[in-house]
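Remarks on the structure that follows.
Taken together, the values in this text are just the output of simple stated rules run on the coordinates, not laboratory data. Just so you know, these numbers come straight off a predicted model, no measurement behind them. Because the Cβ atoms are built from the backbone with ideal geometry, glycine has one as well, and the counts that use them run over all protein chains shown.
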């Protein structure tokens, strides 16, 4: 009797969560919409709230270093509030993932969308009532960073390649490093380009609104766009 020879081939890598999502999938479309919202929020937080990031925590760490070095126009307090609120949001996202384990993905995402819309609306209400200076500014920073922490923690769990909705560094790196000029096959090139375009499409009008003293309306626009994404999301 012949002894079977064990298969020495390496086991195939486990499937990447979210890798099967194509660009017209409802989830991908929703993430494109949220990327556009991120552009608006980045314009509000950096241009209207004292050069503080509420989505890009790498930027906040650098801003804190600038402020500690004495560079004018940067705030240790504002960036620290943003970091703390963002971490709280990411923690809440983890709790939601545990709570909704075993249920449909869409149920958890709709909950996250509702929270995001509510937090943007609350931030807009603060600016309308109190402006965007002093304690009111810190409250708005906390609300926006909390929303972005929840968003980032949730999107990270989805694992959809090149659709983080908030950070484009790896997307741009892949666009160049995986291009045909670099000898690659340019996977998901359209998605990467659309992600960059969506961020620009949100940041440009957001910057115009903030620079013309309409920070509150930029936040209203963010809430409306996130709400529209919630209403259109069907999976």
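Observations, loosely collected:
- Taken over the alpha carbons of the stretch 50-232 as equal point scatterers, the Debye sum produces base-10 log I(q)/I(0) values at 0.08, 0.20 Å⁻¹ of -0.29, -1.45.
- One decimal place: the segment residue 129-residue 172 gains 11.6 nm when fully extended, by the rule 0.36 nm per residue minus the C-alpha distance.
- Gained length - residue 68 relative to residue 193, 0.36 nm times residue gap less alpha-carbon distance: 41.4 nm
- Cα centroid separation, the stretch 131-192 to the stretch 28-103 (Å): 11
- The relative contact order of the chain comes to 34 percent, based on Cα pairs under 8 Å that sit 6 or more residues apart.
- In this calculation the C-beta distance from residue 25 to residue 88 is compared with R0 = 22 Å, giving a FRET efficiency of 0.15.
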